[in-house]
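Report on one structure; see the data block that follows.
All of the numbers you see were taken from the coordinates with simple rules; none came from a lab. Everything numeric here is computed off the predicted structure, so don't read it as measured data. Note that each Cβ is placed from the backbone with ideal geometry, even for glycine, and that neighbours are counted across all protein chains shown.
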Amino acid sequence: MLGSIIGDIIGSTYEFKNAGRYDFDPFPLGSDFTDDTVLTLAVSDAILSKRPYGEVIHEYAVSYPNRGYGLSFRNWIHMDNPRPYGSFGNGSAMRVSPAGWAFDSLEKTIGEARKTAECTHNHPEGIKGAEAVASAVFLAGMKSSKKEIRDFIVKRFHYKLDRTLEEIKPYYDFNETCQQTVPEALTCFLESDDFEDAIRKAIWLGGDSDTLACITGGIAEAFYGTIRKDWVENALSILPEELRSLTERFRENYK
């Protein structure tokens with residue numbers, strides 16, 4: 001889950017101005033946490049407190065405004081009686097990584113991932129994106145091989161993972177849908193050598209950089225298990241105390 005936060009913060013300055021190269025500065029001036037981190041931690045809090053996902057997600061979004069939420073989600077925040085709005089945006093996939101850590105079976109993980117999505121993103125593609133990412137995190141944490149993770153995702157969710165990053169990059173533009181973010185994030189992870197390499201490849205690829213790196217980072221952390229100490233320290237120093245404390249509490253509960 002910390003991997004998701006680090007990916008988001010590193011990607012924050014490159015979201016609308018893609019780095020375009022591999023050896024970019026991971027924490028330039030202006031690096032900050034975005035809606036990806038806020039809602040990932042909302043899901044973490046909901047799991048820890050056993051409260052409804054939609055209720056906690058709404059509370060966090062209200063408490064941390066102006067963090068880059070999409071228009072439809074902003075409208076949802078201000079509804080008197082918030083209802084799902086049929087979205088297949090990548091918001092469902094970027095916030096789901098805690099579900100991959102917290103449950104003791106793959107099917108339970110998939111079921112909870114669906115719940116994290118459907119309070120807002122109840123379109124089949126929005127739900128599918130969340131389920132696929134949570135599955136990858138779970139399988140990575142269970143020491144499945146990359147081939148096993150790839151094969152499961154392809155068979156269960158029918159994402160096409162047969163293109164390399166080199167093949168994707170020339171045609172890849174900013175895209176906020178699960179359909180054009182989740183497969184690319186999975187490919188960044190599958191082609192990586194370690195956590196840092198996964199994040200650098202996600203930022204190099206372009207697109208919706210903070211969300212792409214957030215999703216990639218959540219899976220890569222579960223698979224590789226280690227993250228550069230200075231990256232961890234830099235990311236945690238950017239979070240306000242209450243979010244930093246929640247991050248540490250979730251990690252302590254679900255190592």
Report whether or not T109 is in a helix (DSSP H, G or I), touching a Gly at 6+ places or on another chain (Cβ under 7 Å) and β-branched (V, I, T). yes
Which pairs turn up if I take residues in the stretch 29-40 that are more than 13 Å from L236 (Cα to Cα) and look for partners that are part of a loop (DSSP other than H, G, I, E, B) and among the small types (G, A, S) with beta carbon separation below 9 Å, at least 6 apart in sequence or on another chain? T34/G68; D35/G68; D35/G70; D36/G68
I'm told R163 meets every condition in (1) more than 19 Å from V96 (Cα to Cα); (2) part of a helix (DSSP H, G or I) except one. Can you identify the failing condition by its number? (2)
Residue that is in contact (Cβ under 8 Å) with a residue 12 or more places away in the chain, within 22 Å of F157 (Cβ to Cβ) and acidic (D, E), where the choices are E59, E112: E112
Among all residue pairs at least 6 apart or on different chains, which show Cβ distances below 8 Å where the first residue, located in the stretch 229-252, is under 19 Å from R95 (Cβ atoms) and the second is assigned to a helix (DSSP H, G or I) and among the small types (G, A, S)? L246/S44; T247/S44; F250/S44
Looking at the stretch 1-11, can you tell me whether even one residue there is within 16 Å of the chain's Cα centre (by Cα), surrounded by 24 or more Cβ atoms within 10 Å (Cβ to Cβ) and assigned to a loop (DSSP other than H, G, I, E, B)? yes
Suppose the filter is in contact with a Ser or Thr (Cβ under 7 Å, 6 or more places away or on another chain) and at negative phi; does I219 pass it? no
Filtering the stretch 115-127 down to residues that are in contact (Cβ under 8 Å) with a residue 60 or more places away in the chain, assigned to a helix (DSSP H, G or I) and buried (at least 24 other Cβ atoms within 10 Å of the Cβ) yields T116
Looking at the stretch 19-97, what helices (runs of 4 or more DSSP H) fall wholly within it and have at least 3 residues that are surrounded by fewer than 17 Cβ atoms within 10 Å (Cβ to Cβ) and out of contact with any Lys or Arg (no Cβ under 8 Å at 6 or more places or on another chain)? 53-63, 71-77
